[in-house]
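Okay, so here's the structure we're looking at.
The values are calculated or read from the model by the stated rules, or taken from the named source; none is laboratory data. Predicted model only: the values in this text are computed from it and were never measured. Cβ: placed from backbone, ideal geometry, glycine included. Neighbour counts: every protein chain shown. Surface areas here come from the heavy atoms of the whole protein model, side chains and all, with no ligands, DNA or RNA. Shrake-Rupley method; radii C 1.70, N 1.55, O 1.52, S 1.80 Å.
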Amino acid sequence: MEGEEGRMIDEEIYANGFEEERESRKPIISSEQLDIEAYASLYTGRTKITRLLFIADRCGNETMQLEALRMAYDELKKGENTQLFRDVVNKINARLGTHYGMDHSWADSVDRRADVRKDKLENELNAYKTNLIKESIRMGFNDFGDFYYAHGALGDAFKNYSRTRDYCTTSKHIIQMCLNAILVGIEMGQFTHVSNSVTKAEQTPEPLEPLVVAKLRCASGLAHMENKKYKHAARKTKVIDNLNFRNFLELVPEIREIINDFYSSRYASCLQYLENLKANLLLDIHLYDHVETLYTHIRHKALIQYTHPFVSVDLNMMADAFKTSVGGLEKELEALITDNQIQARIDSHNKILHARHADQRNATFQRVLKMGSEFDRDVRAMLLRANLLKYEQNHRAGRNFHGGWRP
């Protein structure tokens, strides 16, 4: 039982993209129509099914939709989630022939086995509680979590994984509980639970294994993205100049070109690559809701970087660099200036952007005046204090002279 503990959940965590070595499985991120089979091969189990159903719901292409539903149907027959299987059959709606219809005998058989398995787990857990065997109770709740997860009851799975907390006796147990909670939390869309579990796992006293650290960072990244905290994303030094990450970029050449173009100021090429990828990125279950916002942020950042080094910019040349119209560019720049992201003014007649650089000479003069005023104030305060001390000393001496010596 101990040897099999968490095996299914570990597989699901790997399926979320955490596995260290998948040399034969290359991510499919390109401007061409999404290769569903290649994309789905990156994942297993519930994660694979969820992504396929997401694509089927959003692709807007019947051929692609039926392909995703067919693969989801086949994957569901390998598991125990009969309710989701029925939902997929309804979505297919007999469009894939008799081989992809409702298999009542299979569903009934799985449900009967599930009832037997649930009764067995309940009896075992009750026995563990009676005998007060802490480790066995923990494993019992964990098995219940695995059971509910396999059958698609994510709420019950999360509750049982969370109940193992009171029975964890080692750091390894706490980490396992946190990873289980993270997986279910992500699938439920409860990213507050995900963040809390990441924090709890990171606070364990023993050093974490590199693979565990990688899983926690990925989960934390997803939580930050869902909360629209995009500035926590990797910067240039963590991407282009990072030798380890550079190897991963080789698997997704278009993403590599986007990053290199951006930091090499080839903005038109960068934005064109992004536009080509947009349709496929909108089919990503975690990214789809952020694509438009991220694209806008990237474009604004490119506009700001382009204008930053110059005192003045010819809007005709800038529009050409960004492959846009002068009128459209002018409106974008106006919005950035209004938002105080670009300090400049636009000469609409001559189509020139003039930067508002601070007057360094005047700023230095004002700073010197301020320092002089502060010095004058401090000196006056010191003289006043010295006079007060002198007066107090003379006052005491006079009192001692008339009243006799006092200690």
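For the range 155-192, name all the residues that are surrounded by fewer than 16 Cβ atoms within 10 Å (Cβ to Cβ) and closer than 16 Å to Cys218 by Cα. Hits for the range 155-192 are Gly189, Thr192. Residues that are free of Cβ contacts under 8 Å to residues at least 12 places away in the same chain and of a type in the set (Asp, Glu) within the range 157-190 comprise just one, Asp166. Count of the range 45-62 residues, restricted to those that are open to solvent by 50 Å² or more (accessible area, probe 1.4 Å) and free of Cβ contacts under 8 Å to residues at least 40 places away in the same chain, is 4.
Looking at this structure, is Leu287 over 22 Å from the mean Cα position of the chain (by Cα) and either open to solvent by 30 Å² or more (accessible area, probe 1.4 Å) or of a type outside the set (Asp, Glu) (or both)?
Criteria not met by Leu287.
With the structure loaded, tell me whether Glu209 is within 30 Å of Phe245 (Cα to Cα), open to solvent by 70 Å² or more (accessible area, probe 1.4 Å) and touching a Leu at 6+ places or on another chain (Cβ under 8 Å) or whether it fails that test. First the steps, then the outcome.
Working: within 30 Å of Phe245 (Cα to Cα): yes; open to solvent by 70 Å² or more (accessible area, probe 1.4 Å): yes; touching a Leu at 6+ places or on another chain (Cβ under 8 Å): no.
So Glu209 does not fit the description; no.
Checked against (1) open to solvent by less than 50 Å² (accessible area, probe 1.4 Å); (2) closer than 30 Å to Ile36 by Cα, His99 passes all but condition (1).
On the stretch given as the range 262-283, residues that are touching a helix residue (DSSP H, G or I) at 6+ places or on another chain (Cβ under 8 Å), open to solvent by 40 Å² or more (accessible area, probe 1.4 Å) and in contact (Cβ under 8 Å) with a residue 24 or more places away in the chain total 5. Leu42 satisfies every condition listed in (1) outside any helix (DSSP H, G or I); (2) open to solvent by 30 Å² or more (accessible area, probe 1.4 Å); (3) among the aliphatic types (A, V, I, L, M) except (2).
Screening the range 72-96 for residues that are assigned to a helix (DSSP H, G or I) and farther than 21 Å from Tyr149 by Cβ and picking the one that is least open to solvent (accessible area, probe 1.4 Å) gives Ile92. Each residue in the range 86-125 was checked for being in the same structural domain as Leu66 (by the TED database) and among the basic types (Lys, Arg), and 3 of them qualify. Between Asn350, Asn340, Asn316, the distinction of being open to solvent by 70 Å² or more (accessible area, probe 1.4 Å), in contact with a Lys or Arg (Cβ under 9 Å, 6 or more places away or on another chain) and farther than 30 Å from Ile55 by Cβ belongs to Asn316 only.
Within the range 298-336, the set of residues being at pLDDT 90 or above and in contact with a strand residue (DSSP E or B) (Cβ under 7 Å, 6 or more places away or on another chain) comprises Thr307, Ser312, Val313, Asp314, Leu315, Glu330, Leu333, Glu334.
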